[in-house]
Amino acid sequence: MNQVDTSPNAIPNVNLRQVGKNKPRNDSPTKVYGKAIYAGDLIMDDMLFAKVLHSDRACADIKSIDVSVAKTLPGVHSVLTADDLPATNAVMTDMPGQVGGGTKNTKQPILAKERVRFYGEPIALVAAESYELAQRALDLIVVDYEDTEGVYDAFDAQKPDAPIVYGNDNIVAAYKVRKGDIEKGFQEADFVLENTYSSQYQEQAFLEPEAAVAWVDEHDILNIRSSTQVVEHFRAVADALGMPHNKVHLQAPYVGGGFGGKEVMTIEVWLALLAMDAQRPVKLKQTRENSFISHGPRHPFTITHKTGVTKDGKITAAKITLTSDAGAYAKLSPYILLYATVGATGPYRVDNLWIDSTSAATNNLPTCAYRGFGTMQATTACEAQMEELSKLIGLDSLEFRRKNFIQTGDPNATGQIIRSAVWSDQCATKAREALGDKPKSTEHTVYGHGLACYQQSYGRIRWMKDTSESWVGLEMDGTLIVRCAVTDIGAGQMSALAQIAGEVLGVPMEEITVYFGDGHVNPLAGTSTASRALYMTGKATELAAKNVRNNLFECMAEYFDVRPEELDLGDSKVFVQDNPERCMSVKDMAKHCAAQGVHRHSLEIYRAPPSEGLDPETGQGEVFPDFTYGAHAATVAVDTDTGEVTVIKSVGAHDVGQSINRQAVEGQIEGSALMGQGFALSEELILEKGVLKNGSFSEYLIPTSEDVPEIESIILESRSGLGPFGSKGIGEPVFSPVAASIVNAVADAIGTRIHHLPLTPEKVLTAINEEKTKEAAE
Amino acid sequence: MSSEKAVTLRVNGNEVNIITPAHRTLLEALRHEGFVEIKSGCEKGDCGACAVLLDGVPVDSCITLAWHAEGRDVTTIKGLGNSDSPDPLQKAFIETGGAQCGYCTPGMIIAAKALLNENPEPSLDDIKKALSGNLCRCTGYTKIFEAVQIAAEDLRKEGEAA
């Protein structure tokens, strides 16, 4: 489905042999044969087992912690509280990885000392001969609390008399965007519509709870093998323990899902402390219940849109306020708020714009990174507003969107000019077409169609000065090695690098070994977050492989007596393009080039485009390297007796730039369809005064196999992205519009909109009944 | 501390003798013995990551006590096949991309195996129902369903050929 793209970034069509094809991933066999060893699967001699005491209060002073009895229990080797830690007792929770640019310097106590600020805050660590013993020791620790007044709402937290969670006030971050003249814009409008939309806590619910093993080796290096998205936490672990960075070695084996929940440090620093104290290997696997309180769930957002439109459908002005609940510590809240601010206007051009956004501290669970990272919440609100606006002016909702879509060359909310392809229209058109006709309503069932578009960044914030390195080498037998410390969290991060290097050097991906997940033996590659892994590590791998290719071609050109550009590589052969009979196997080429002293490997760095930040008064500036555009559409059936919503069809249509592995792209779209469906319909962490009430899989309901609709993936390729072969990031982008499309479909089905997610049967039934009452009154 | 118990069982056809605290689950007891292909996702029977076949019947090993398996046959994902001799399900999961992070995969394939043993021609609804106790957060289940359908087809062809 390739179309001609005229954006400045677009690269011409090339004859791809592996990239874009539907190839089984290199990591699949080890996983389906049960051989993959995850972080919690490592067994070491003399290993101890750890447990963590989490606070069962949301806001309390700690009068005392008595560990004396726990310490005397035979088989217990280490019991640590804040008193046993380095005086700083702090771990960095800011943007992890190779961050060269400005950060917020957010920190959090490793263990609570005088005060707990949220339900689940860690208080004590135990390492013992078995999990059972460690649990018994935990049970013997006595914490004397005195409950204090907390604050459990992001708006209450901003009132003058609110209890201060930490620091000087409860404002964690705030941004503003001032662009054009909104007064004038609203005057030009024929209609002005104001609505408030709010969304809930969502749990990442990766299947593998946090797990790690830590040990000190014969070189006095502290080793940690952890289920993390970020191996570069080794620096933060070292800083927390007062050790040199080069004495901490953090590696990630295959990770059992992350979705942002394993981005900020989770259990690594606790294990580091226990392993150093006990001087024995220590393993910690969080229980599911503790996992729910050990990383940050998705931020609840309240977003108010006031939008002015002309009667023919042009947006003239928008005034938007966004408020998020950061919980008891900042973690990545400031950045997530920034993403939401940039994403507040969706994929639409708004020249007269006023945005205020605030993230407030409360005594709720600290919220943090989660697929979509604020953009998803902003998209959900924006797309609801777009649908309501089109209804108000009586225009087809896609037609209305078409009049306002950002185009290549246009500025987005922060004034960043979009340079890649913007195929919002193509994607939305195809997604909606794929839904087909809406089924006819029956006595007890009504049907609805819903559409949502988005603008989601890929790559990290520009002033982070993100980089990625990769090494590609040709072995003497013609096989290839890629060394790149990307973490593989399940999306095929490792396998994609094999496909990319194999494309450039003409070797099948199955014959390529990728060493990944370990930054102390492989070049540092940055994080598997922010839809950046493929973009950044893939680009570095592509560049490194091209260097190798150039070196080889220079040598082989002489051999074939042609110019280097007349050569090509494919099917494990080097050949002359015009005369493929003149060829040599890659294996023989490796030997030939080796004999000529040719450099057969290369280390490359890819640097994301930088910027220096936003103008604090106008909020204008370049925030992200680039954006992905697309659409999701859904058909729902609503049972008017029970309020139950069933998604029947779910279609994602996205311009992915260039798919590297088609199957993996579909996997992202299909996984997103279900995760977004969960957010729209069933998933919500329930907190009562900060205390989590449904922290288990029997109470917090994620979609199961029985909830799966017909899912269709439509993949468009503009080849205009910054990634390898013109690819764009997709892990988050394809997720961001899903919930919005389902919410819009429900509104279409029942004829009224519910402004607070998720759309549980209770809420839907209430809305249906209110609508009936209203109709009866009319 | 509760008493310890000696338990003898067969895992993937091989006899295994274990001494384990009496209250320890089959999941923890077997993982302790190195059978770490059995994954632990919730420890209370909600997610299915720890599913094994016990005398051919799928169970959540996290809510089965180790001694309950005394004298019985446990089959893990490794007992179904390997790269030299893969189970049709394993082949199909590779082909379709049914494994993403891979953490639910061992339990998912065990549940699918139990289905195909009982019902060689499952409908899509049969598959959805059979896998409803196995949570997956990555795939949206779609490629898992495809894998089970392909494996069922392969098994039917094998049966016809034999």
Taking the range B:63-92 and keeping residues more than 10 Å from every other protein chain (Cβ to nearest Cβ), under 12 Å from the mean Cα position of the chain (by Cα) and aliphatic (A, V, I, L, M) leaves B:V74
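Among the residues of the range A:751-773, how many are at pLDDT below 95 and either under 32 Å from the mean Cα position of the chain (by Cα) or not acidic (D, E) (or both)?
Pass one, the range A:751-773, residues at pLDDT below 95: A:771-773.
Those left that are additionally either under 32 Å from the mean Cα position of the chain (by Cα) or not acidic (D, E) (or both): A:772-773.
Residues meeting the conditions: 2.
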The residue from A:V586, A:V562 that alone is more than 41 Å from the chain's Cα centre (by Cα), modelled with pLDDT of 95 or more and among the β-branched types (V, I, T) is A:V562
Of (1) surrounded by fewer than 24 Cβ atoms within 10 Å (Cβ to Cβ); (2) within 14 Å of chain A (Cβ to nearest Cβ); (3) within 16 Å of the chain's Cα centre (by Cα), B:E95 satisfies every one except (3)
Of the residues in the range B:25-38 that are more than 8 Å from chain A (Cβ to nearest Cβ) and outside any helix (DSSP H, G or I), the one that is nearest to B:A49 (Cα to Cα) is B:I38
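Let me confirm something: among A:F735, A:F725, which residue is assigned to a helix (DSSP H, G or I), closer than 30 Å to A:V19 by Cα and within 26 Å of the chain's Cα centre (by Cα)?
A:F725
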| field | Test for A:S720: is it touching an Asp or Glu at 6+ places or on another chain (Cβ under 8 Å), within 11 Å of chain B (Cβ to nearest Cβ) and either among the polar types (S, T, N, Q) or crowded, with 22+ Cβ neighbours inside 10 Å (or both) | value | no
Flagged in the range A:25-55 as within 24 Å of the chain's Cα centre (by Cα), buried (at least 20 other Cβ atoms within 10 Å of the Cβ), within 8 Å of another protein chain (Cβ to nearest Cβ) and not acidic (D, E), in numbering order, are A:R25, A:S28, A:K31, A:A36, A:Y38, A:G40
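Please go through the range A:307-327 and pick out each residue that is among the basic types (K, R) and over 21 Å from A:A340 (Cα atoms).
Filtering the range A:307-327 down to residues among the basic types (K, R) leaves A:311, A:314, A:319.
Residues satisfying the conditions are A:K311, A:K314.
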Of B:A147, B:A162, the only residue that is surrounded by fewer than 24 Cβ atoms within 10 Å (Cβ to Cβ) and either more than 15 Å from the chain's Cα centre (by Cα) or at the interface with chain A (Cβ under 10 Å from one of its Cβ atoms) (or both) is B:A162
Scanning the range A:561-589 residue by residue, the ones that are acidic (D, E), assigned to a helix (DSSP H, G or I) and touching a Phe, Trp or Tyr at 6+ places or on another chain (Cβ under 9 Å) total 2
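Can you find a residue that is over 21 Å from A:V514 (Cα atoms) and assigned to a helix (DSSP H, G or I) anywhere in the range A:247-258? First the steps, then the outcome.
Keep residues of the range A:247-258 that are over 21 Å from A:V514 (Cα atoms), which gives A:247-248.
Restricting the remaining residues to those that are assigned to a helix (DSSP H, G or I) gives A:247.
Yes, some residue in the range A:247-258 is over 21 Å from A:V514 (Cα atoms) and assigned to a helix (DSSP H, G or I).
Within the range A:669-685, is even one residue closer than 30 Å to A:F560 by Cβ and outside any strand (DSSP E or B)?
Looking only at the range A:669-685, we keep the residues that are closer than 30 Å to A:F560 by Cβ, and these are none.
No, every residue in the range A:669-685 fails to be closer than 30 Å to A:F560 by Cβ and outside any strand (DSSP E or B).
Report the residue count in the range A:1-54 for those that are under 30 Å from A:R136 (Cβ atoms) and at pLDDT below 90.
Summing the residues that are under 30 Å from A:R136 (Cβ atoms) and at pLDDT below 90 in the range A:1-54 gives 0.
Is it the case that some residue within the range B:99-122 is at the interface with chain A (Cβ under 7 Å from one of its Cβ atoms), within 29 Å of B:T20 (Cβ to Cβ) and surrounded by fewer than 23 Cβ atoms within 10 Å (Cβ to Cβ)? Don't jump to the end; show me each part of the working.
Narrowing the range B:99-122 to residues at the interface with chain A (Cβ under 7 Å from one of its Cβ atoms): B:99-106, B:109.
Applying the additional criterion that residues be within 29 Å of B:T20 (Cβ to Cβ) yields B:102-106, B:109.
Then drop every residue that is not surrounded by fewer than 23 Cβ atoms within 10 Å (Cβ to Cβ), which leaves none.
No, the range B:99-122 contains no residue that is at the interface with chain A (Cβ under 7 Å from one of its Cβ atoms), within 29 Å of B:T20 (Cβ to Cβ) and surrounded by fewer than 23 Cβ atoms within 10 Å (Cβ to Cβ).
Among the residues of the range A:234-246, write down those that are assigned to a helix (DSSP H, G or I) and either among the aliphatic types (A, V, I, L, M) or under 15 Å from A:L284 (Cβ atoms) (or both). Reasoning before the result, please.
Applying the first criterion (assigned to a helix (DSSP H, G or I)) to the range A:234-246 yields A:234-241, A:245-246.
Once the filter is applied, which keeps residues that are assigned to a helix (DSSP H, G or I) and either among the aliphatic types (A, V, I, L, M) or under 15 Å from A:L284 (Cβ atoms) (or both), the range A:234-246 yields A:A236, A:V237, A:A238, A:A240, A:L241.
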Restricted to the range A:654-686 and to residues being surrounded by 23 or more Cβ atoms within 10 Å (Cβ to Cβ), charged (D, E, K, R) and within 13 Å of another protein chain (Cβ to nearest Cβ), the residue farthest from A:A631 (Cα to Cα) is A:E683
Selection over the range A:103-134 where residues are at pLDDT 95 or above, under 24 Å from the mean Cα position of the chain (by Cα) and surrounded by fewer than 20 Cβ atoms within 10 Å (Cβ to Cβ) yields a count of 0
Residue set A:K113, A:K107, A:K179; condition basic (K, R) and more than 29 Å from A:G343 (Cα to Cα); output residue A:K113
With criteria (1) buried (at least 24 other Cβ atoms within 10 Å of the Cβ); (2) away from chain A (no Cβ under 11 Å); (3) over 23 Å from B:L26 (Cα atoms), B:D60 comes up short on (3)
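Hey, any hits in the range A:699-714 for a residue that's under 27 Å from A:I418 (Cα atoms), away from chain B (no Cβ under 13 Å) and outside any helix (DSSP H, G or I)? Let's see the steps before the verdict.
Applying the first criterion (under 27 Å from A:I418 (Cα atoms)) to the range A:699-714 yields A:713-714.
Okay, now just the ones that are also away from chain B (no Cβ under 13 Å), so A:714.
Adding the requirement that they be outside any helix (DSSP H, G or I) leaves A:714.
Yes: one or more hits.
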Log entry, pairs with first residue in the range A:655-676 being closer than 20 Å to A:P703 by Cα, second being part of a helix (DSSP H, G or I), beta carbons closer than 6 Å, six or more apart or on different chains, reads A:E670/B:T142; A:S672/A:V738; A:A673/A:V738; A:G676/A:V738; A:G676/A:A739
Q) Based on what the data block shows, is A:Q204 within 35 Å of the chain's Cα centre (by Cα) and either buried (at least 19 other Cβ atoms within 10 Å of the Cβ) or not assigned by TED's automatic domain parsing to the domain that holds A:L395 (or both)? A) yes
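Select from the range B:1-48 the residues that are among the aliphatic types (A, V, I, L, M) and free of Cβ contacts under 8 Å to residues at least 24 places away in the same chain and write down the one among them that is nearest to B:I110 (Cα to Cα).
Initial filter on the range B:1-48 (among the aliphatic types (A, V, I, L, M)): B:1, B:6-7, B:9, B:11, B:16, B:18-19, B:22, B:26-27, B:29-30, B:36, B:38.
Then keep just the ones that are free of Cβ contacts under 8 Å to residues at least 24 places away in the same chain; that gives B:1, B:6, B:16, B:19, B:36.
Details: B:M1: 34, B:A6: 26, B:V16: 20, B:I19: 26, B:V36: 15 Å.
Top of the filtered list is B:V36.
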Conditions (1) at the interface with chain A (Cβ under 7 Å from one of its Cβ atoms); (2) outside any loop (DSSP other than H, G, I, E, B) -> B:C138 fails only (2)
How many residues of the range A:529-559 are under 31 Å from the mean Cα position of the chain (by Cα), crowded, with 23+ Cβ neighbours inside 10 Å and either under 21 Å from A:P508 (Cβ atoms) or at pLDDT below 95 (or both)? The answer is 7
A careful count of residues in the range A:194-227 that are away from chain B (no Cβ under 14 Å) and over 30 Å from A:L674 (Cβ atoms) gives 12
Within the range A:263-280, of all residues that are in contact with an Asp or Glu (Cβ under 8 Å, 6 or more places away or on another chain) and surrounded by fewer than 24 Cβ atoms within 10 Å (Cβ to Cβ), the one nearest to the other protein chains (Cβ to nearest Cβ) is A:R280
From the option list A:K649, A:K689, single residue qualifying as modelled with pLDDT of 95 or more, surrounded by fewer than 22 Cβ atoms within 10 Å (Cβ to Cβ) and within 14 Å of chain B (Cβ to nearest Cβ) is A:K649
- Query: Restricting attention to the range A:387-398, does a residue exist that is touching a Pro at 6+ places or on another chain (Cβ under 7 Å) and assigned by TED's automatic domain parsing to the domain that holds A:I754?
  - Reply: no
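The values are calculated or read from the model by the stated rules, or taken from the named source; none is laboratory data. Fair warning: this is a prediction, and the values are worked out from it, not measured in the lab. Positions of Cβ are generated from backbone atoms using ideal geometry, with glycine treated the same way; all protein chains shown enter the neighbour counts.
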